[in-house]
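The values are calculated or read from the model by the stated rules, or taken from the named source; none is laboratory data. Just so it is clear, the model here is predicted, and its values are computed rather than measured. Quick reminder, even Gly has a Cβ in these numbers, built from the backbone with ideal geometry, and neighbours come from all protein chains shown. Remember, those area values only see protein heavy atoms, side chains included, never the ligands or the DNA or RNA. Shrake-Rupley method; radii C 1.70, N 1.55, O 1.52, S 1.80 Å.
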Amino acid sequence: SQKIEQNSEALNIQEGKTATLTCNYTNYSPAYLQWYRQDPGRGPVFLLLIRENEKEKRKERLKVTFDTTLKQSLFHITASQPADSATYLCALGERTGANNLFFGTGTRLTVIP
Amino acid sequence: GAVVSQHPSRVICKSGTSVKIECRSLDFQATTMFWYRQFPKQSLMLMATSNEGSKATYEQGVEKDKFLINHASLTLSTLTVTSAHPEDSSFYICSARDGAAHSNQPQHFGDGTRLSIL
């Protein structure tokens with residue numbers, strides 16, 4: 001069956017440390033992968049896109065890797081801040097060209113001051 | 001940046017009521033909009049893909065007669081939950097993609113509608 005699993009439901013880290021979130025998938029062939037941030041009671045906000053032929057993408061304090069052999073993406077936030085506390089969702093877009101995304105269950109990150 | 005407005009943000013109503021939720025793209029044209037449902041601590045589950053000027057495409061297990069979707073213009077899609085019951089209580093979120101963008105480009109999400117059926 002198809003699955004998209006994000007490491008832990010909740011992750012707590014100390015301010016200033018690097019947060020690493022994991023997204024593993026099974027029985028998908030994603031052409032690309034996106035990461036979103038979702039705050040309580042709000043809709044997701046797009047952060048980064050990485051395509052299947054890209055190994056790594058960076059944007060300010062964010063870094064995403066994509067390993068199609070391991071079927072895994074890692075999402076890093078360096079120098080984390082309390083304002084980074086939110087739920088982070090990975091989403092896969094398949095090669096079929098369909099418009100829709102398949103979302104993981106999310107990881108709730110809490111950065112402790 | 002691209003903005004999607006969803007209204008209302010919260011609805012509380014009695015069982016048997018029909019509820020309409022609007023999703024508008026404010027600064028871009030969206031030939032395709034998506035409707036999701038999210039239960040507490042769970043992921044977004046796609047309910048249907050709304051295509052401007054044509055019928056919506058529903059995901060398996062989603063009743064099209066229960067969840068009516070209309071996408072009459074390039075900036076507006078509506079979801080009507082007909083004869084809502086307590087089990088329909090959930091967080092409904094819409095998203096849209098700029099019609100001129102490649103399919104791998106991000107979706108822009110509304111802020112969701114919290115539906116509570118008493």
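Assorted remarks:
- Options B:Arg10, B:Arg24; residue that is touching a His at 6+ places or on another chain (Cβ under 9 Å) and open to solvent by 70 Å² or more (accessible area, probe 1.4 Å): B:Arg24
- The set of residues in segment A:71-105 being more than 14 Å from chain B (Cβ to nearest Cβ) and either part of a strand (DSSP E or B) or within 15 Å of the chain's Cα centre (by Cα) (or both) consists of A:Lys71, A:Gln72, A:Ser73, A:Leu74, A:Phe75, A:His76, A:Ile77, A:Thr78, A:Asp84, A:Ser85.
- Number of residues in segment B:28-51 that are open to solvent by less than 70 Å² (accessible area, probe 1.4 Å), touching a Ser or Thr at 6+ places or on another chain (Cβ under 9 Å), closer than 20 Å to B:Gln105 by Cβ and not in a strand (DSSP E or B) equals 2.
- Looking at B:Ser77, B:Ser50, B:Ser95, just one residue is in contact with a Cys (Cβ under 9 Å, 6 or more places away or on another chain), within 13 Å of chain A (Cβ to nearest Cβ) and without any contact (Cβ under 8 Å) to a residue 60 or more places away in the chain, and that residue is B:Ser50.
- As a summary of the residue check, B:Ala84 satisfies the conditions (1) of a type outside the set (Lys, Arg); (2) away from chain A (no Cβ under 12 Å); (3) within 24 Å of A:Gly104 (Cβ to Cβ); (4) in contact (Cβ under 8 Å) with a residue 60 or more places away in the chain except for the one numbered (3).
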